[in-house]
Structure formats: C-alpha cells, structure tokens
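Here is the structure we will look at.
Please treat every number below as a calculation from the coordinates, not as lab data. Please read these numbers as outputs of a predicted model, since none were measured by experiment. Note that each Cβ is placed from the backbone with ideal geometry, even for glycine, and that neighbours are counted across all protein chains shown.
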Protein chains: 2
Amino acid sequence: MTSIDLRATPARLSSADGQFDAKLAARLHWSAAQDDAIEQRVQDILADVRARGDVAVLDYTARFDGVQAESLTALELQAGELAAAFDALPAAQRDALQQAAARIRRYHAWQKQQGGETATYVDEDGTLLGQKVTPLDRVGIYVPGGKAAYPSSVLMNAIPAHVAGVGEIIMVVPTPRGAKNPLVLAAAHVAGVTRAFTIGGAQAVAALAYGTATVPKVDKITGPGNAYVASAKKHVFGQVGIDMIAGPSEILVLADGSTPPDWVAMDLFSQAEHDELAQSILLSPDAAYLDAVQAAINRLLPSMPRAEIIAKSLTNRGALIHTRSMQEACEIANRIAPEHLEVSSREPQRWEPLLKHAGAIFLGAYTSESLGDYCAGPNHVLPTSGTARFSSPLSVYDFQKRSSLIAVSQAGAQKLGHIAQVLAEGEGLHAHAEAARLRVG
Amino acid sequence: MTSIDLRATPARLSSADGQFDAKLAARLHWSAAQDDAIEQRVQDILADVRARGDVAVLDYTARFDGVQAESLTALELQAGELAAAFDALPAAQRDALQQAAARIRRYHAWQKQQGGETATYVDEDGTLLGQKVTPLDRVGIYVPGGKAAYPSSVLMNAIPAHVAGVGEIIMVVPTPRGAKNPLVLAAAHVAGVTRAFTIGGAQAVAALAYGTATVPKVDKITGPGNAYVASAKKHVFGQVGIDMIAGPSEILVLADGSTPPDWVAMDLFSQAEHDELAQSILLSPDAAYLDAVQAAINRLLPSMPRAEIIAKSLTNRGALIHTRSMQEACEIANRIAPEHLEVSSREPQRWEPLLKHAGAIFLGAYTSESLGDYCAGPNHVLPTSGTARFSSPLSVYDFQKRSSLIAVSQAGAQKLGHIAQVLAEGEGLHAHAEAARLRVG
C-alpha cells in the first residue's frame, strides 16, 4: 500500500453544471449484478435442504464454514452459553449493550402504540369494523458472521420482534472455522432471542423457510447477509415473509456550513468505512465549506484504521456537491431518496418539511448517523438504493400482521346487501349477489 | 355437459380421524407451478420494454390483445371518457358504486389515523424521536381485463392510494379486442384514478416499473393479474414496490349450527364461483348441520349460472369438516390461516379472541363474505395460501412509507456518544466511534 492509495477524493459536482443530472446519475448508479452462478447454486442448496433437511445443512456447514458436527443439535447455542458470553464481557460493553437495548426497546414499544394495536369502530347501523393486530408466531433472524459481525444488528432485528410479541425468535449466525463472536452472542442474550444456531448462508435460510427436524420453520426471515443469503431470501419470499433486500449503505449530508467540517468529514467516513461500495454524499450551497470538508478529509484520513476502504469508497462513489441553495439541496435529496439523511444545519426544522424520501432523517449537528446506528432508538435497518421512495425502516410492524374485523348488524346487512347485489351482478358473480340477498328482509 | 358434472361434493372429513392431518394437508396443498416457459417470456418482455419503451408496449398490445394503435398516447383513456362511462350507467349501478366507494373511503381514512400519520416524542434529554409518514409519489394499479374484470378491485386498490395522498394513480387495464368494461371505467372515475391506459400483461407491468416516453415510472405496483402479470411483478420487485402475489381465493366458515344452512351454502358457492381452484371449507362440531349444508348445496347448485365452476371447485378443493368442538375448529382455522374466515355463530365474539391468522374475519350470520367483498369498507385484497400467517390486507399503509426522525440534543449526544463509542469499537468501526466522540464534551 502506497500513500497514493490513501487519498480520498470524492467527485466535486455543481448543480449549476449543465451536465449535473447525468454526472449525478452516473455516481448514483448501482445495481445488484445478477450472478447466474450464484443463483443456480442457491437454488440447488434450497432444494437439497428441502429434501434432506438436517443432513444437508450439516454438509454445507462443513463445506462452507469448516465446521464439523455430528448433528444439528450440536450446532444449537444454549441459553446458558449466550448468558455466559454476556457475563464475560467487560463492564463497559455490558452496560453499552444494555443501554442501547433499553433505548431501542422503548422506541419500538412507542412505535407499537402508533397503529400496532387492535382498533375498531361501530358505524351508525351498529356494524363493527376494524383491524385486529397480532404478532407473528415465529421468526428467523439472520446475523452475518465473519468480517461483518454486528451485534447492533442483533439488537435491531430481535428487539422489534420481541416487542411485537413474537412467540419464538430463532437466530442463525455462521461461525466460520468455529469462531464465535462474543458480542453477537451477548447481544442475542440481551435482545430476547429464543433459540440460536451456528449456521449460515443459503442453507440457513432454507432451514428457516422450510423447517428441518431440528430447525423450526419460521413465518418470516429478516436480517442482512451476503449475495447467497440475499438470493436465498428472494427465492423463499412468498413461502415466508422477508424484510427488504439491502444494497450498499448510503449517507447524504445537507450542510448549511454551520457544523464543524471535521464532524461532517467523520460522518462521511463512518459510512464509507463499511464497504468500498458504500456511498457518502455531501450537499451544500457553501463552496468554501465543501473545500473545508475536503481539507478535513485529507487531514483525518491517515488516522483511520480502515483508511483504504474509506479512500476507495469516497473516491469511487462519493461526491461533494455545490448547490444553489439549501432548498435545491433538499430537492436533490428527494431525488436520491437516501438511506441516511443528515440535516447538518442551524435550522434543521426549517428543512425537514421539505424532505420527502429517506430511510432516516438526522436533524442537527449533534445527530451523527452513528448515534442512530447504535442507540438513539429507531431501527438502523433502512431502505437503500432509492427504495425509500416506497419502503420503510424495519419496525415492530414487520413482526405483526393485521386481520380485518367485520361484524355486520342485521340493519347493516339490509343496506349493504342492496349495494353488494348490484355490484356482484355487474361482475357476473351471482352467488355473491345471492349470499347478500339471503340476509336482506 | 351432463347432470353428473353438476354434483358438488366437498370432501367430508373428521378431526377425530387418525389420518385427518394428512387428509387436510392434501386438500390444502396448492403451489404456484413455476412455469419456466412463462418465466422466460416474461423476462424477454421486460427487457424489451426497458429497451424499446412505447414501441415494445404497442407491439405486445397488438399481438396479445389484438389492439392496434399508432401511439401509446392513443391508448390513454381520457378523464372525460371515464366520467362518461359513469354517467351512462343505470342509476342503481351509479348509486351502488358511489355508496361502496364512500364506505371504503371512510374505512381507509379511519385506518390512516391508526398509525398512518407522523408522530414524535421527546425524551428526558430533549432528544426528539419518531416517524414521519408520507405518501408515495406515484403508484400503478393493475386491473385485469377480460373474464375477470372487477370494478370492485379498482375501488379497493385506488381508494386506499387516494386516501394515503398518493400524487398520481396510474391505472392499466387490458382491453382484449378493444372491449372496454364500462363498470371498470366508471369505478376508475369514482375512485380518483389520475391516468389510465388500456394496456395489460407483463408489458404493462414493465411500462409502469421502468417508465416509457408515455407511461410514467411509478414507485409501487398493486393489483391482481394472471400468471404473466404475477411473474412480471415478482421480477420488478426491488426496482419498485409491489403488493402480494395472490394465489387462489379461499373461504373458511366456522359454524356452530345456528345459521340457516342455505346462507352458509351460498357463502361457500360465492367463493367457489370465482375459480375452479378456489377453496371453500366449512368446519362445524355439528355433524347434522354439515349434512344440512350438503343438502342445501345439492338443492341450490342447479340455479347457479356458474354451477360448473362451483361444482369443480367444491368437489376438488372443498371440504366439510366435523370437529370435536368450536375451540378445535378455531385451532384448525389458525393452522390454515385462510384468506376469508367467517364465524357463523350465535356467539362470534366468544370465538374471535381464539383466532390468530386470517386475512379478514367476518363475525356473525349477517356478515357474509360478499358484503366485505364489495362495500363493508375494509379492503378485499387479502393474503392467500396461508400467508395470513405473516402478511396483512392491502391498506392505506401500502401507499405510505415512514422515515425515522432523530434530533439528538447536545445533552443527549453526551450520553449516547459514550454508548455508541463502545459498541462501534466493539464492531471495529472506528470512524463511527470517532463521529460520536466528536460530539461529546
């Protein structure tokens, strides 16, 4: 590695440039390359686990993770082992996990009160209408192992399920060459995971979706994973529920120039350090401020342990964009629909109403994205790649479902029966009309 | 057609039978046969529309629907044409459409108040947390043409979008050989559709998902369709949002014997008349009642215009199941997780708390499913094939999305900063820790 590698030079764009739209589109472009070889292998693994169950899962775990076991039962982590992992942590880590969990729990409990509970009303005919909200019976949480083993993701997936009232939360986490991450195990203990297995990849997704002799079939699978996991989740969708398929992580910062440039530079770094494909974009109407942030990037980069990843991410996918105004910056943010959107301004509440599409909106200079990632309370599993245009953060609602409730009164059946008969006959559905007619008179 | 064809004989099962579970499972079994030929043709159509836009859509519309047009603009239905279709209806149909629309609108407006609005709270450090709820900008509604052209589906898809505040609602509806369904056009007028095109199939899904010169790109596509449409929606999922992929329609009736057998027989018919694959199941602890319903089926079937479809559906997929008790019937209903669940009992409120999994629950003898299909108010787009275990009726929420709101106070940043630093360092994400640390002190 030479010092050349350690220059992080995001593209410098200006919204006044006639080519701006095309240049921005080129920067934003990302698509999950459909890899036919991965697709085929995943389909084979899914079919094999469906047919051979435990034995197939054991075979793939030996082959891909280098973990040999006589039975899948031997790969189940016992509650005592999770508790022991927690107890063995330094006190600072135990406290941090518990405080983060408490804040996440509080937010999602509040969220459950916003429409996550059964509600009904009665109309003027005495007919009752409403929605019954119930938790899922059993869900699977996929937790990546290896280099991207994030205990915070255990909290962010399991706690909303727990708050929703899910009966059983089954965690799977691969342990390549048998290496268990103590923080992941401790987080599972804190978050209320019911059972945990040290399996991963498409074989773990298949085990959860179809069930095996040892791994119980779940109703929904959430959590991030590599290309095999993402492909497997997409294939089992319909058989079970899934959360979103995530792309690379992104941050977009709107800055009016009032936040110390070091703070914003570090926020851009904290996105970029995830992954070379991660995207960090800064928008500001203040060109001198963009210069100052670039200077901060140059100064701070060498001290970063992940400097090489940060440099590649910022240089290949990052951008510092000069806009005509904060208003225009908000409009551009809406076009991008970023996963994380920081409003680094003295007047964040002035700009917030202009923002329509984002996974999470971080308001004011003190609200660094990293506080939201770990412990502010709201979920850190957010829609990426512009899907915030139509989707939402992972939530307590993902672990509940609604059933409509309808109790038509005798009086109501008279009135509704006439409407239904006319419309059913119009659709050529005579039995529908007749079922309504029988209740009339 | 001989009279033999007109016997509808649902399987007669008993939960006391040692083979009951296997027999029930065999009846319930249904899976969307993956048809590789359809998959390949759909992928070709999607790629072609993406590449050639309007011209490709026109080509497929000529080939599949027998509709020739010089431009896609010529296939747009003007607002005046929708209004004229409404005005030309008999008064009874106009009234029925408007009354149904008003009830559906009222239910979904009530639903929007249950968590479908922005909400926040402030914690003891002055940190604001919450969720901002916003409508989607533009959605596409797929409406089938031909034999299953249902104006009620226009209402059920477009009204929740309209209530959510969606900016533009784009309807597509194929018109095979140019035949327009006046009720579908009138429903579009009543429901607040913004623009409508007479195109269908995978080519219409592609036009909505990718956009063409004439058809605007949407953020989400909802609505039922044939195997080509279902496959196309599954392929574009991720690029845009979609609602569920529906299987055959189902009804399950729990009966304590207090409802006139004719009423229940007609409810079973009204499901069966949709489709030979539709499923109608009756559960009762009263064997004599099951006999009475079978007798009603025999007596009522010949007068049904769709008798042949009903007979095939009931004979091949229907079941009358004798249970030990109403409690057991509720347990079996939970295992099946039906789309429509009627509780035809004198004490529906006694059994409702025992029911966990269903798309919609119809309580009491007066609540025929057909009233819910057209005009009770709740949505008639419901999860099928057991997916009520993890999914919900179409709703106003499907046309909104949430963005988390986080505004950390200076005091909050001190407390949260310490937690985030510990956890970020534990995950090896130094820039995350540093971004938090900069806000401390």
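Odds and ends about this structure:
- Region B:95-168: GluC sites (Glu not before Pro) in DSSP coil with no more than 16 other Cβ atoms inside 10 Å: B:E117, B:E124
- Share, in percent, of DSSP beta bridges within chain B that are antiparallel, nearest 5: 30
- Inter-chain Cβ neighbour average for residues A:353-360, partner chain, 10 Å: 4
- Normalised Debye scattering of region A:127-183 at q = 0.19 Å⁻¹ gives log10 I(q)/I(0) of -0.72, counting only Cα atoms as equal scatterers and leaving out solvent.
- Space enclosed by the convex hull of the alpha-carbon atoms of region A:255-396, per residue, Å³: 105
- Residue-wise HN-Hα coupling along region B:397-409, computed from phi with Karplus coefficients 6.51, -1.76, 1.60 (Hz; x: Gly, Pro): 5, 5, 10, 10, 9, 10, 10, 5, 10, 9, 10, 7, 6
- Taking a sphere under 10 Å around the Cβ of A:A186 and counting the other residues whose Cβ falls inside, with K and R at +1 and D and E at -1, yields a net charge of 0.
- Shape of region B:287-337, Cα gyration tensor, a/c cut at 1.5: oblate
- Scaled against 2.2 N^0.38 Å for its residue count N, the alpha carbon radius of gyration of region A:67-134 is 2.01.
- Cα gyration tensor of chain A - equivalent ellipsoid semi-axes, whole Å, descending: 41, 33, 22
- Placing a label point 7 Å from the Cα of B:T118 along the Cα-to-Cβ direction, the distances to the matching points in the other copies come to 3.3 nm, shortest first.
- Applying the Kirkwood pairwise sum to the alpha-carbon positions of the protein assembly as shown produces a hydrodynamic radius of 28.7 angstrom.
- Closest approach to the axis - chain B beta-carbon, rotation onto A, Å: B:G115, 1
- Averaging Cα coordinates gives a centre for region B:70-123 and one for region A:256-281; these two points are 44 Å apart.
- Those aspartates and glutamates that a straight Cα-Cα span of less than 19 Å connects to B:K180, excepting residues fewer than 8 apart in one chain: A:E425, A:E427, B:D65, B:E70, B:E76, B:E81, B:D87
- Of B:S231, B:S153, B:S15, the one that fluctuates the most in a GNM where chain B has Cα springs shorter than 10 Å: B:S15
- Net +/- balance of residues flanking B:A319 in space, Cβ distance below 10 Å, scoring K and R +1, D and E -1: +4
- Test item: A:389-399 mean partner chain Cβ contacts at 10 Å: 5
- Per-residue ellipticity at 222 nm from helix content only, as computed over chain B with -39500 (n - 2.57) for each DSSP H run of at least four residues, stands at -14000 deg cm²/dmol.
- The trypsin sites (Lys or Arg not before Pro) of region A:124-219 that DSSP puts in a loop, and whose beta carbon has at most 16 other beta carbons within 10 Å, are A:K180, A:K217.
- A point 7 Å from Cα along Cα→Cβ stands in for A:N226, and the other copies hold the same point at 4.3 nm, listed in rising order.
- For the residues B:A11, B:A37, B:A230, a GNM of chain B with alpha-carbon springs under 10 Å puts the largest fluctuation on B:A37.
- A:Q414-A:A109 FRET efficiency (beta carbon distance; Förster radius 41 Å; 0.05 resolution): 0.40
- Remark: C-alpha extents of region B:163-316 on the principal axes read 63, 32, 30 Å, sorted largest to smallest.
- Prolate/oblate/rounded call for region B:52-192, Cα gyration tensor, a/c under 1.5 rounded: oblate
- Inter-chain neighbour count for A:408-416: the average number of beta-carbon atoms from partner chains within 10 Å of each residue's beta-carbon is 5.
- Choice from A:D125, A:D87, A:D137 showing the highest fluctuation, given a GNM over chain A with Cα pairs closer than 10 Å: A:D125
- For A:L429, A:L268, order by how many other beta-carbon atoms lie within 10 Å, fewest first: A:L429, A:L268
- Qualifying trypsin sites (Lys or Arg not before Pro) for region A:1-89 [loop in DSSP, other Cβ within 10 Å: at most 14]: A:R7
- By DSSP, the beta bridges lying fully in the protein assembly as shown are antiparallel in about 25 percent of cases.
- Inter-copy label distances at B:G146, shortest first and taken from points set 7 Å along Cα to Cβ: 4.6 nm.
- Amide proton proximity set for B:S409, modelled H, under 5 Å, gap of 5+: B:T127, B:L128
- Reachable lysines from B:K233, criterion Cα separation under 23 angstrom, eight or more residues apart if same chain: A:K220, A:K233, A:K234, A:K401, B:K147, B:K217, B:K220, B:K401
- With a Förster radius of 51 Å applied to the beta-carbon distance between A:Q34 and B:T118, the computed FRET efficiency rounds to 0.85.
- Net charge in the neighbourhood of A:T118 (other residues with Cβ under 14 Å of its Cβ; Lys, Arg +1, Asp, Glu -1) is +3.
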